Amino acid sequence: MRINKKLGLLAMCTGVLVGSNALAQDTENILEEITVTGSYIKSSRSDAASPVDVVDSAYISRSGAFSIGEITSKLSVNSGSENQADSFTSGATQGTSNVNLRGLGLSSTLVLVNGRRQTIAATLANDGSVFVDTGTVPLAALDRVEVLKEGAASAYGSDAVAGVVNYILKKDFEGFELNGGYQSTSSDNQDTTEASFLWGFGSDQTRLNIAGAIMRQDPLSVADRPFIADNAISTLGRSFILLGPDNVAAGDYAGTYAPGENVPDPNCLGNGGILIPQASGSRCGFFYGPRFNIVNEEERNQLYGNVVHEFSDTLTLTAELGYTKHKVIDNPQSPSYPNLAFPVVLPGQAGSPFNVPVLWLGRPLGSDFESPLAPRENETIRAVLELDGAFNDNWSWNGALTFSSNERETIQPDTISSRLNNALAGMGGVSGTETFNIFDSSANSAELIDYLSVDTVTNRESDLTVFDFVTTGELFAMEAGAVGFAAGVQYRDESYSVARNEIYTQTIDPVTGATVPVDLIFLGGGFPLDQDRQSYAAFAEMQIPVTENLEVNVAARYEDLETDSSLDPKLSVRWQATDELVLRGSVSTAFREPSLSQFSALETSLQGIQDFNPDGTPKGGAVFIRVTSAGNPNLTPEESTNYNFGAIWSPTDNFDMRIDYWMFEYEDVITIESAQGKLLNDLNGPDITRLDGDNSQLVGISANYINAASVDTDGIDIALNYLYPTSVGEFGAHLNATRTLSYEIPNPAGGTLDVAGLFNHDNFARSIPETKANLALDWTMNNHSAAVIAYYVDSYETTRAVPPTADANIDSWITVDLQYAYNMDFDGSEAVITVGLKNVFDEEPPVVYDGVNFSYDPKHHDPRGQMFYVRGKYRF
């Protein structure tokens with residue numbers, strides 16, 4: 001049994017921001033008795049013991065968000081999530097969105113829907129993280145988002161290390177509501193349109209809510225934002241290295257050449273390539289950046305419904321059913337990948353004009369070809385059956401069965417290696433007699449190109465079934481009040497499978513036992529996977545009113561896993577120091593079980609890697625190579641000890657301030673070894689693959705899942721909320737900010753390294769700006785309302801070796817959004833027209849030197865520029 005040990009500090013401050021957070025409105029007058037995220041004990045207190053932010057429907061509306069990812073990505077407590085997945089740093093997650101609280105990793109935030117677990121997305125981030133796809137949450141039915149900003153394993157079990165994000169959907173809506181929205185970038189008309197409905201009706205005993213939505217998004221090419229692709233250049237366009245002296249008398253390649261000289265495509269510039277000088281000659285580089293999209297063409301269709309039926313005063317049935325289908329339709333790629341075999345072409349082969357052998361450095365299809373597409377498709381189903389009952393006036397119970405499933409199909413184009421080799425030797429095509437000319441692409445027929453090309457197909461599926469049973473009530477009365485109690489059990493069954501088409505599936509040689517490479521020139525493929533597991537848990541929680549002003553909450557959960565077990569306790573304290581001041585604090589432990597893919601999967605992704613010479617100087621520029629990540633059956637659960645100390649000051653009914661100091665001591669963090677870091681540690685190590693021995697052309701890197709020592713991080717959250725009523729309407733000001741004071745990880749050279757304020761290209765941490773903040777100013781009067789929201793991301797730095805023309809500093813970024821809404825009341829109905837501008841001053845994202853990747857950070861910045869939107873809502 002793994003029992004987390006660091007428990008026992010008394011916390012003098014707590015926080016449940018259910019109502020007067022910088023992002024929230026006052027819900028205390030609306031909800032008489034609620035169950036807040038992080039606790040199973042019902043309470044009407046809006047400043048209880050655990051730090052919870054509530055993003056309410058009013059803020060969601062004022063933000064002008066067109067997706068769930070747009071809401072959570074701008075939370076100050078969120079850092080390093082992938083809600084604008086690009087083809088280079090997050091190609092596997094395109095068409096999804098996620099949350100990353102405190103920057104502790106996508107896998108370390110537990111995502112709930114209506115307080116219940118959702119299956120993970122059937123895909124992996126580049127760093128091997130698993131996550132819940134928040135894009136499957138129906139925005140049309142969203143009521144609020146509750147964000148618990150501390151570990152919550154004592155309540156929810158595995159995954160709640162950094163905290164919990166709970167998406168609460170509407171259940172009591174009455175009437176019929178139609179919504180439509182249109183958004184467009186101001187400079188180049190990248191459009192997004194959406195339409196939705198929400199219908200609620202029923203009787204005193206039965207209520208039914210149904211919501212549906214469609215979204216259509218036009219693409220935005222990198223070619224429309226060329227400044228973000230300055231470094232997206234490959235040295236492998238169409239070039240040759242002569243292996244002997246030669247003289248070519250005529251033709252495009254006419255000239256005299258020395259041994260070892262680099263010879264580029266003579267039509268390099270005309271074909272859209274770029275000449276890159278070498279020590280001897282030059283190479284034709286491939287400017288691939290403009291080929292890709294910043295925003296892909298996408299469509300999303302959603303349907304959600306719930307029904308609540310009261311059999312009696314003590315028994316209620318709730319059923320939910322949701323469905324999401326999300327397609328990434330275009331997603332253009334490079335015409336082909338480079339041939340990593342770097343074959344030697346003999347005179348007379350493949351259209352060679354040379355009289356000596358040459359080494360081919362290039363790709364079968366280069367700048368003079370169209371881009372193929374790499375579409376993705378997601379389908380998610382969620383079903384919940386829940387019963388609420390009561391034993392008596394003081395004790396109630398809740399039982400629920402939840403099933404969720406995600407299926408994802410990914411298509412990625414490549415070239416068949418054996419067919420290309422045959423065609424280079426003049427034995428290609430259906431006839432077996434065709435030659436593929438790598439010196440003059442116009443000599444190749446469309447039929448031959450189709451014969452060489454292939455789409456790799458990967459199908460993944462994740463399922464999760466959960467049974468919960470919880471009972472809650474009052475144990476006994478004390479002088480200061482009743483002691484609240486909750487206890488329950490949980491059973492989870494999850495599965496994960498991966499299947500690929502035949503050419504993309506790796507096999508084992510029955511004689512040698514070695515892995516047989518797939519028959520592709522670039523992509524690495526993987527093995528099939530079909531795994532499942534079960535876990536059991538029991539938990540209890542007690543809320544003790546020690547005195548009229550002092551409340552103590554204790555909780556613990558035991559989780560029995562197939563490979564391990566964990567006991568996680570929590571202690572929190574709330575002290576009403578004065579009428580205006582509440583002090584709060586908590587200490588708890590949390591854990592995360594390795595995912596099924598981290599135990600067993602074998603995956604290959606593409607990453608931009610900078611190679612080096614033995615003397616430490618860079619070897620050319622960064623290039624995309626295969627990075628193979630292997631599962632590790634010996635992984636152990638991650639563990640953390642979490643602390644939160646804070647104060648809530650409310651001197652008037654119209655003002656409150658909340659400040660919290662938080663700290664996480666995170667051990668045995670699971671991640672994939674950094675491929676770049678592994679190469680830097682040993683240029684010719686056993687997991688480094690080179691074409692021909694030490695220090696030759698880099699081809700691939702093998703990186704394993706490991707328990708990577710520890711992360712120690714701490715920081716401060718600040719929230720201010722001020723309402724000012726006047727004769728010309730009510731004004732509001734709301735500030736929410738997070739400051740990361742430190743983020744320490746192991747230093748390979750010994751000791752620790754503080755990576756807060758760094759881009760972190762060569763370690764397992766993601767980019768971590770030290771400060772993120774949101775400031776919202778709003779005004780309402782009669783039928784009018786307006787809002788101004790400013791978003792701030794602090795500056796940070798990259799530790800990459802940058803060229804003289806680049807800067808290691810990544811500037812701070814401030815964007816401002818404006819919105820105006822007019823509400824028209826009719827007899828029994830209403831209509832609302834909303835117009836807004838996002839990024840009013842058209843701020844470009846800060847420049848990031850990230851080698852061959854885009855020159856901005858998609859985890860923190862948005863390159864779309866100024867955007868205009870209009871929305872209409874009609875309710876009757």
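The values are calculated or read from the model by the stated rules, or taken from the named source; none is laboratory data. Here the structure is a predicted model, which is why all the values come from computation and not from measurement. Cβ placement follows ideal geometry from the backbone for every residue including glycine, while neighbour counts extend to all protein chains displayed. Please note that ligands, DNA and RNA were not included when accessible areas were found on the heavy atoms of the full protein model with its side chains. Shrake-Rupley method; radii C 1.70, N 1.55, O 1.52, S 1.80 Å.
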Over the chain, what percent of the accessible surface lies on carbon and sulfur atoms, probe 1.4 Å?
55
How high is the FRET efficiency from D687 to D827, r the C-beta distance, R0 60 Å, rounded to 0.05?
0.25
May I ask for the net charge around G525, where only other residues with Cβ less than 12 Å from the Cβ of G525 are counted and Lys, Arg are +1 while Asp, Glu are -1?
-2
Full-stretch length increase - V489, V802 - with 0.36 nm per residue and alpha-carbon distance subtracted:
107.3 nm
Per-residue SASA entry for L346, accessible area with 1.4 Å probe, Å² rounded to 10
80
Note: the chain, point scatterers on Cα, Debye, no solvent; log10 I/I(0) at q = 0.06, 0.09, 0.10 Å⁻¹ equals -0.43, -0.93, -1.12
Can you pick out the pairs among K149/K838; K325/K678; K619/K772; K570/K859; K678/K859; K74/K678 whose Cα atoms lie more than 29 Å from each other?
K325/K678; K619/K772; K570/K859; K74/K678
Contact order normalised by length for the stretch 704-812, with contacts defined as Cα pairs under 8 Å and 6 or more residues apart; what percent is it?
21
State the percent of C-alpha pairs, over all pairs in the stretch 121-206, separated by a distance greater than 15 angstrom.
75
Rg/Rh for the stretch 57-171: what does it come to with C-alpha atoms and Rh from Kirkwood?
0.94
For the stretch 655-672, in residue order, the Karplus 3J(HN,Hα) values (coefficients 6.51, -1.76, 1.60; θ = phi - 60°; whole Hz; Gly and Pro = x) are 9, 8, 10, 10, 9, 9, 9, 10, 8, 10, 10, 10, 10, 6, 4, 8, 7, 7
Stokes-Einstein, Kirkwood over Cα pairs, the stretch 500-623, 37 °C, 0.692 mPa s; D in µm²/s equals 158
Mean separation of Cα pairs under 8 Å and 6+ residues apart, divided by the residue count of the chain: what relative contact order is that in percent?
13
Express in whole angstrom the spacing between the alpha-carbon centres of the stretch 407-474 and the stretch 180-232.
30
I'd like the Kirkwood hydrodynamic radius of the stretch 345-401, using the inverse of the mean 1/r over distinct C-alpha pairs, in Å.
18.9
Where the centroid of each part is defined by its Cα atoms, how far is the stretch 547-584 from the stretch 56-82 in Å?
28
Calculated log₁₀ intensity ratio I(q)/I(0) where the Debye formula runs over C-alpha points of the stretch 401-480, q = 0.12, 0.20, 0.27 Å⁻¹:
-0.59, -0.91, -1.21
Sorted on mean Cβ neighbours within 10 Å (highest first), peptides 850-858, 790-798, 826-834 come out as 850-858, 790-798, 826-834
Between E261 and residues 5 or more places away or on another chain, which pairs have amide H atoms under 5 Å apart, with H built 1.01 Å from N, and which residues are they?
L242
Average accessible area per residue (Å²) across the chain - probe 1.4 Å, nucleic acids and ligands excluded
39
Would you mind counting up the charge near I659? Only other residues with Cβ under 12 Å from its Cβ, with Lys and Arg at +1 and Asp and Glu at -1.
0
In whole Hz, the Karplus estimates of ³J(HN,Hα) for the stretch 144-157 (6.51, -1.76, 1.60; θ = phi - 60°; x where Gly or Pro) are 6, 10, 9, 10, 8, 9, 8, x, 9, 5, 5, 9, 10, x
Relative contact order for the stretch 590-736: what percent, with Cα pairs under 8 Å and sequence separation of 6 or more?
24
Charge-dipole axis of the chain as Lys and Arg at +1 and Asp and Glu at -1 on Cβ define it, positive-most pick from L75, A232, N98
A232
If each K or R counts +1 and each D or E counts -1, the residues other than K772 whose Cβ falls under 9 Å of its Cβ total 0
In order through the stretch 622-635: 3J(HN,Hα) via Karplus (6.51 cos²θ - 1.76 cosθ + 1.60), integer Hz, x for Gly, Pro:
5, 9, 7, 10, 6, 10, 9, 10, 10, x, 9, x, 9, 4
Could you order R739, R871, R584 by accessible surface area, starting with the largest, using a probe radius of 1.4 Å?
R739, R871, R584
